[in-house]
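The values are calculated or read from the model by the stated rules, or taken from the named source; none is laboratory data. Small disclaimer: the values here were computed from a predicted structure and weren't measured. Here the Cβ is made from the backbone with ideal geometry for all residues, glycine too, and neighbour counts use every protein chain on show. What goes into the accessible areas is simple: the full protein's heavy atoms, side chains included, and nothing from ligands, DNA or RNA. Shrake-Rupley method; radii C 1.70, N 1.55, O 1.52, S 1.80 Å.
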Amino acid sequence: MKKVGIIGWRGMVGSVLMERMENEKDFDKVQSYLFSTSLKGNKAPIYNNCHELVLDSNSIDELTEMDIIITCQGGDFTNEMHPALRTSGWTGIWIDAASSLRMNEKSIIVLDPLNKNKITEGLNSGVKDYIGGNCTVSLMLMGLGGLFKEGIVEWMTSMTYQAASGAGAKNMIELLDQMNYFGTEFDTYRLNNPGTTALEYEKLMTEKMSDPKFPRDNFGYPLGLSLLPWIDTKVENGQSREEWKAQVEANKILGSEEIIPIDGTCVRVASLRCHSQAFTIKLKKSVDIATIESLITESNEWVDFVPNDKDSTLDRLTPASVSGTLKIPVGRVRKMTLGDNYLNAFSIGDQLLWGAAEPLRRTLLMAL
Ligand code: NAP
């Protein structure tokens, strides 16, 4: 059995990865070793064929014993340890959730429902680095891959609504702390001031956002009862790095001969889990909605085409109905008033599953 080192298993992506690997009995197929930057030497949680102690994520000697390393630890860890391991002569397979190596010429961005052939070719020809795509990019391609494969997309905008857990475990807990802070203040005020109007409550809550005690160490700003229209750092052209990833990564995954322009605004919202996206798609030609529906639906088994009516949309096209599942609902599909070649669509996916952990575990299975 291959030795597989798992790094970052405590984090948001890592804990979903462990859940999936356990449910799908992946641990039966490998000899696994858990690594941590903060828990080395502790007893490891019990998984089949898993080493009993947690090893040290910063130990080159321990890591080079592995045939395959799968990491969900983050970009800083990758930037430090990947070159160190390769310089030490380690030639194992590196599977990573972080963005650091995605655009390297020698790496493949993995999303096997879209590019399984590319991954297989890579494994057969000695490619060593397999990197999960940006969560919104992977979820967008899972939903709209059929339109791209058909070659009918001229350009696209994607306006995102990204969950707090997309920023990591500490940030997601901070959102809950912010909600708790609001809830406690609201309850206390209501008890002592019966008859307060809605506008008075709104003013109170808005004021409370500037309270020095308001929890904001991780996001830096209130996300609860608000939103944050900037994710990640700035790139030179004024995009945020999250926005920049859409075009470069999607085209790399698709293996486009001619770049398909994709741009938009990425926004953090106060949902816990799942990234949602609103699309404007400029088609190369007029295509009727029935054909669009079949292209989307036939693209992969996880897509759920949601009819463009209010009840179906509110029932099936929300983070609440998608969280924790592999479903990729695509709805609000209609021609826009801008013209017959302009298509509107809205899609949601669990960014911790298809947006992160799932492509990694499926690549691991392919690499065994
Ligand atoms: P995370 O939740 O912040 O976890 C990263 C590491 O933080 C953990 O492995 C753990 O390492 C440490 N940690 C510190 N305090 C923790 C706590 N209270 N709970 C859990 N872990 C804690 O990061 P992540 O969101 O999983 O992201 C990992 C990588 O995947 C990043 O590169 C990210 O960009 C990428 N990614 C994330 C998502 C997403 O939706 N979150 C989606 C796609 C890609 P030790 O055990 O070593 O202390």
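If I filter the stretch 261-276 for residues that are in contact with a Leu (Cβ under 9 Å, 6 or more places away or on another chain), open to solvent by 10 Å² or more (accessible area, probe 1.4 Å) and more than 17 Å from G355 (Cα to Cα), do I get at least one hit? Yes, some residue in the stretch 261-276 is in contact with a Leu (Cβ under 9 Å, 6 or more places away or on another chain), open to solvent by 10 Å² or more (accessible area, probe 1.4 Å) and more than 17 Å from G355 (Cα to Cα).
Figure legend. Inter-residue proximity from the stretch 92-106: first residues under 16 Å from G355 (Cα atoms), second residues within 14 Å of the ligand (Cβ to nearest atom) and assigned to a loop (DSSP other than H, G, I, E, B), beta-carbon distance below 6 Å, spacing 6+ or different chains. Indicated pairs: A97/C72; A98/G74. Scanning the stretch 203-222 for residues that are open to solvent by 50 Å² or more (accessible area, probe 1.4 Å), not in a loop (DSSP other than H, G, I, E, B) and not hydroxyl-bearing (S, T, Y) yields K203, E207.
Identify all residues within the stretch 152-165 that are open to solvent by less than 40 Å² (accessible area, probe 1.4 Å) and either more than 13 Å from the ligand (Cβ to nearest atom) or in contact with a helix residue (DSSP H, G or I) (Cβ under 6 Å, 6 or more places away or on another chain) (or both); write none if there are none.
In the first step, residues of the stretch 152-165 are kept if they are open to solvent by less than 40 Å² (accessible area, probe 1.4 Å); the result is 152-153, 156-158, 160, 162-165.
Matches in the stretch 152-165: I152, V153, M156, T157, S158, T160, A164, S165.
Residues in the stretch 1-33 that are more than 9 Å from the ligand (Cβ to nearest atom), of a type in the set (A, V, I, L, M) and assigned to a strand (DSSP E or B): V4, I6.
Among the helices (runs of 4 or more DSSP H) contained in the stretch 56-135, which hold 1 or more residues that are within 11 Å of the ligand (Cβ to nearest atom), hydrophobic (A, V, I, L, M, F, W, C) and modelled with pLDDT of 95 or more?
Result: 75-87.
Among the residues of the stretch 328-351, those that are surrounded by fewer than 21 Cβ atoms within 10 Å (Cβ to Cβ) and in a loop (DSSP other than H, G, I, E, B) comprise M336, T337, L338, G339, D340, N341. Restricting the stretch 12-50 to residues that are among the basic types (K, R) and open to solvent by 70 Å² or more (accessible area, probe 1.4 Å), the residue that is nearest to K2 (Cα to Cα) is K29.
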